[in-house]
Amino acid sequence: MAAPALRPLSTGEVLDVSFGLYRSLFFTLVVVTTVSRLVPTVLGIYLNVSGGVLEHWVLGIVQFLVSIILNALGVAATTFIVSGAYLGQEISAEAALHAAWGLIGRLILLSLMTSLVIGVGVVLLIVPGVILLSGLLLSTVALVLEQPLTATGAMSRSWELTRGFRGKALLTLLVAALLLLIPTMIVGVLAGIATLLGVPSQLLVQVLVGVLQIFVYPFMYVALTVLYYDLRVRKEGFDLELLATATQPV
């Protein structure tokens with residue numbers, strides 16, 4: 001797939017461009033997602049079928065910590081890959097994971113800080129939580145692509161970029177999330193039917209949901225990266241900036 005044109009996009013165009021990038025980068029993205037989600041998913045399934053976290057609390061803590069680390073790694077690596085493709089460059093899964101690992105400390109801190117801030121907003125009142133979520137959606141993308149940024153700097157950058165476009169940011173996230181939710185719901189319905197027919201399905205459902213996550217989760221981060229570039233084009237003339245850089249003498 002050719003690099004998308006750097007111009008302002010409607011929400012539908014953001015999603016369309018995201019689909020195109022997802023298809024063209026499918027294998028590379030799945031490799032990254034498998035690396036970042038396979039171990040936490042397997043540990044989670046084991047915990048669920050063997051009595052839960054209360055019975056295996058040490059393993060539960062391990063699973064939680066591994067999930068935080070690998071999820072941060074996967075999101076950052078995906079952002080590197082999508083950003084490269086968006087600007088007409090090819091980045092391998094190995095190179096993206098290596099680059100993401102160099103940011104792992106800041107990524108984990110950012111993940112914890114944004115989760116805490118959004119969580120407090122939700123607890124106090126749902127609406128502030130939603131506003132904070134939409135305003136901080138691009139924090140990880142900013143941290144990865146605008147180095148060097150601190151965790152707080154990335155949050156501020158996301159807040160500024162999404163100003164005036166938080167509804168669009170939230171809608172993009174919701175549509176991307178539906179791509180995971182709808183297949184998961186279908187699996188749940190099929191599992192319910194199987195249970196009524198007397199067929200044990202709990203383990204099968206968890207495995208299928210885990211596989212779905214590996215294949216579908218990357219699209220959410222593709223869409224957020226495309227949205228990031230859309231907002232930079234709209235608010236900062238990023239296409240002109242690139243053109244000026246490309247035409248400067250070496």
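The values are calculated or read from the model by the stated rules, or taken from the named source; none is laboratory data. From a predicted model like this one, the values you see are computed outputs, not experimental measurements. Cβ atoms come from the backbone with ideal geometry, glycine included; neighbour counts cover every protein chain shown. Heads up: the accessible areas ignore ligands, DNA and RNA and are worked out on the full protein's heavy atoms, side chains in. Shrake-Rupley method; radii C 1.70, N 1.55, O 1.52, S 1.80 Å.
With the structure loaded, tell me whether residue 23 is farther than 24 Å from residue 211 by Cα and open to solvent by 70 Å² or more (accessible area, probe 1.4 Å) or whether it fails that test. Considered against the rule, which asks whether it is farther than 24 Å from residue 211 by Cα and open to solvent by 70 Å² or more (accessible area, probe 1.4 Å), residue 23 comes out as no. One residue stands out in the range 232-241 among those that are exposed (fewer than 15 other Cβ atoms within 10 Å of the Cβ) and in a helix (DSSP H, G or I): the one that is modelled with the highest pLDDT, namely 236. With respect to the conditions (1) modelled with pLDDT of 85 or more; (2) surrounded by 14 or more Cβ atoms within 10 Å (Cβ to Cβ), residue 184 lacks only one, and its number is (1).
For the range 150-167, taking the residues that are more than 26 Å from residue 81 (Cβ to Cβ) and not in a helix (DSSP H, G or I), the one that is most open to solvent (accessible area, probe 1.4 Å) is identified as 163.
Within the range 53-95, the set of residues being of a type outside the set (A, V, I, L, M), over 13 Å from residue 32 (Cβ atoms) and surrounded by fewer than 18 Cβ atoms within 10 Å (Cβ to Cβ) comprises 55, 56, 57, 60, 64, 67, 88, 89, 90. Could you grab me the full set of residues in the range 43-101 that are closer than 30 Å to residue 204 by Cβ and of a type in the set (D, E, K, R)? Within the range 43-101, 55 is the sole residue that qualifies. Have a look at 43, 21, 47 and point out the one that is part of a helix (DSSP H, G or I) and in contact (Cβ under 8 Å) with a residue 40 or more places away in the chain. Every option except 21 fails the conditions. Residue count for the range 216-231 satisfying the condition of being closer than 13 Å to residue 169 by Cβ and open to solvent by 30 Å² or more (accessible area, probe 1.4 Å): 1.
Looking at the range 126-149, can you tell me whether even one residue there is more than 26 Å from residue 15 (Cβ to Cβ), surrounded by 13 or more Cβ atoms within 10 Å (Cβ to Cβ) and either at pLDDT 90 or above or of a type in the set (S, T, N, Q) (or both)? Looking for residues that are more than 26 Å from residue 15 (Cβ to Cβ), surrounded by 13 or more Cβ atoms within 10 Å (Cβ to Cβ) and either at pLDDT 90 or above or of a type in the set (S, T, N, Q) (or both), one finds none in the range 126-149, hence no.
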